1. Under 5 Å between amide hydrogens, which residues at least 5 positions from B:I235 or on another chain qualify, with H placed 1.01 Å from N in the peptide plane?
2. Please report the spacing between the Cα centers of the stretch B:427-480 and the stretch A:43-102 in Å, no decimals.
3. Rg to Rh for the protein assembly as shown: what is it, with Cα atoms only and Rh by Kirkwood?
4. Run the 1.4 Å probe and let me know the accessible area of A:T242, rounded to the nearest 10 Å².
5. Please check the stretch B:358-388 for residues whose accessible area, probe 1.4 Å, is lower by 30 Å² or more when all protein chains are in place than in their chain alone.
6. Kindly report the accessible area of the protein assembly as shown per residue (heavy atoms of protein chains, probe 1.4 Å, no ligands, DNA or RNA), in Å².
7. Between rounded, prolate and oblate, where does the stretch B:159-233 land on the alpha carbon gyration tensor, with a ≥ b ≥ c its root eigenvalues, rounded for a/c under 1.5, else prolate if a/b exceeds b/c?
8. Taking all protein chains together and a probe of 1.4 Å, list A:H70, B:H180, B:H404 from the most accessible to the least accessible.
Amino acid sequence: MAEPILELRGVNKSFGPVHVLHDVDLHIYPGEVTALVGDNGAGKSTLVKCLAGIYSIDSGEVLFEGKPVHIHGPAEAAALGIEIVYQDLALCDNLDIVQNMFLGRELHSRFGALDEGTMERKARETLASLSVRTVKSVRQLVASLSGGQRQTVAIAKAVLWNSRVVFLDEPTAALGVAQTRQVLDLVRRLADAGLGVGLISHNMNDVMEVSDHVAALYLGRMAAEVPASQTSVSQVVELITTGRSGDIGLSTAAANASM
Amino acid sequence: MTDPKLTTPAADVAGTSAQSTAAVDFANDVGPRNIAESFRLYTQRVRGGEVGALPAVAGVIILAIIFYSANNLFLSKSNFANFLTQAAPIAVLAMGSIFVLLMGEIDLSIGTASGVCAATMALGVTRNGDLNAALGTPTYLALLLLLVVAIGITARYRLWIATGVIVLGGIFIVTKLTQHAPAAIFVSIAVGVAIGSLIGFLVAHVGIPSFIVTLALFLAWQGVLLKFIGQGAAISTQRVDLINKIENENLSPTTGWILWVVAVGIYSAYTIGRSLQRRRAKLTGEPIDLVVLRALLIAVVTGIAIYVLNENRGRTVFAKLQGVPYVVPIIFILLVVGTIVLAKTRYGRYVYAVGGNTEAARRAGIDVKRIRLSVFVIASAMAGVAGVIGASRQGGVPSDFGSHTDQLYAVGAAVIGGTSLFGGRGKVRDGVIGALVIAMIPNGLGLKNLGSSYEFMITGLVLLLAASVDAISRRRTATS
Ligand SMILES: Nc1ncnc2c1ncn2[C@@H]1O[C@H](COP(=O)(O)OP(=O)(O)O)[C@@H](O)[C@H]1O
Ligand SMILES: [Mg+2]
């Protein structure tokens, strides 16, 4: 198997007295989709935000392409090529699609003025290459977009840059059937293009359909990382709800310790 | 310049050439093609809640008609110039307030802050620059302490322009260069910058709501002003030519026309050129006919204004009084610079982003605290400018300078002009348009000899109306 592009070893994170992540290990492989599953409050979003540099980790190691890295802020995550599509999307309603896609990384022309032309062209190219046909104009305000369109913009924003790893936090949670289909296809295409993809989802059918690996978090501990081909929906559900299934998963002691 | 890191990996994702798909998929994405289409889009936007400056422009026209029909002096030559000079200090404060409002914050202290700025300037020019003697050593040291603290704050947040302005202002004070009017005017602005960094620090770093910080400072600066110049006293600046001229003297008619030609020429060339170039590059842009029409309209309206101002409005046959008041080009320059900063620079984009969705801005790697702090610096710097203009208008600095209605009028003007109180929506021009509305009310009522009672009531109602438009349009954009 290929080397992981991103690897976590024994990561811990607390918010004051609340110990949210316990010794979490995680592997993300290039060209493959790793589903990150777990019940509400298991710590999935927190884990992703640690990788994005929004939160700092208390202890543990993050390795990018085998080398230890320290991610101190969103800019450093972006510099490594780690992009996140957040659960709550993180788009500015008062800005248009182009402005949102380039937020924080605007292009300049000479004299320090914003290079709106190039940004508009790049935004269009990216959306077109993702086969996005639902958006009429890239100069629409994001406030005027539907849920599926917003999701598309958020994903396009993540792949606009030379990204290597993309995490999507519940990208289909608020979408209808057709839009979910489109987003899942998009997720698969990202991996086929060689990116390492982390997909957080509660929908087991989606998970089994598009992912190559499944990583199950249980109360802030990594219960198991298994290849999707060697597991089943019922086993994953068991891992999510009890932290173990048969001979894989957390030891009873560890599972109880988190209670 | 293209960032080398920016590639189009997505091109591989779809396995096609991005260039060709882009051409197909967004071939129609070039914006409205003609005036009719842009008008339709515009009405759509207005219905959707993006009303912009429309209500304020309508307000200006309606008020002008009402006041003119009540008293035809209202549109007279002398009243027109008078009315512009009345609107000027409010416009400057309002333009500064807009940066704060874009952040969803408020600054209630800009009026009294402008008093402190103006007093520092006035004391400097009238007391040979010896602020130590003029203020008394403890007060003088407190002023220097404020500057030092502000230098620390702005340096900590890498607001280097602000740091530079405060340092230079401090040097002018210490070296008594403030006896010269240009240095004294600069010091007024520098004190504003220092005050703004203090406010910004308390709001953005410490986390105190801006409403409370600036309410407290509204009171505190009033006290500082009293301390500076004494109860009931006033410092006259009428004999300081540079300051006095701003609101009381005029450009020569020829200079007025030259500036008009230059400004209208640059504006037309820029907007028409941009429209043509964007069309050629197949980018979204405004249709050329709309751009030309708008440029013409602006040229005509401003041309009429200049023409009227250039007429002799003197009351006697002995002295001619004509020309555009000096303050008008000053406001115009502030308007242009502010507009460029907000619309064309990365900084401006970040102001909108933080005001629109702070969390999204943070995740995009924007230093949210720095941006939040900086808007208060801009607002108070503009208060420093307003202090100079206000001193010119009142002929000096009385001990209650700026403590009456100025800051409320300024915030009101911004909102009337179309800037949202909820953050994220607004333009610098809103402050100028809103200030015209606000200044029209007392001006028009004054001519009818209706007292302040009506002035306050009507201004209050207009503001309430504007805030309602803001709230309703916000609901509409949220649900559309
Ligand atoms: N900023 C925070 N401060 C305190 N507790 C937090 C914070 N963010 C998340 N948590 C807690 O961490 C746990 C994991 O949350 P989260 O990562 O959002 O879970 P998930 O995304 O898996 O549903 C929850 O118990 C939540 O209450
Ligand atoms: Mg979550």
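1. Under 5 Å from the amide H of B:I235: B:V397.
2. After rounding, the separation between the Cα centres reads 44 Å.
3. Details: Rg = 29.8 Å, Rh = 28.6 Å.
That ratio equals 1.04.
4. 60
5. Output list: B:A360, B:R363, B:A364.
6. Normalised by residue count, the accessible surface of the protein assembly as shown is 43 Å².
7. Note, shape of the stretch B:159-233 comes out oblate.
8. Reading off the accessible areas and sorting them downward yields A:H70, B:H404, B:H180.
The values are calculated or read from the model by the stated rules, or taken from the named source; none is laboratory data. Just so you know, these numbers come straight off a predicted model, no measurement behind them. Note that we place each Cβ from the backbone using ideal geometry, even for glycine, and neighbour counts take in every protein chain shown. Accessible surface is based on the protein model in full, side chains and every heavy atom, while ligands, DNA and RNA are left aside. Shrake-Rupley method; radii C 1.70, N 1.55, O 1.52, S 1.80 Å.
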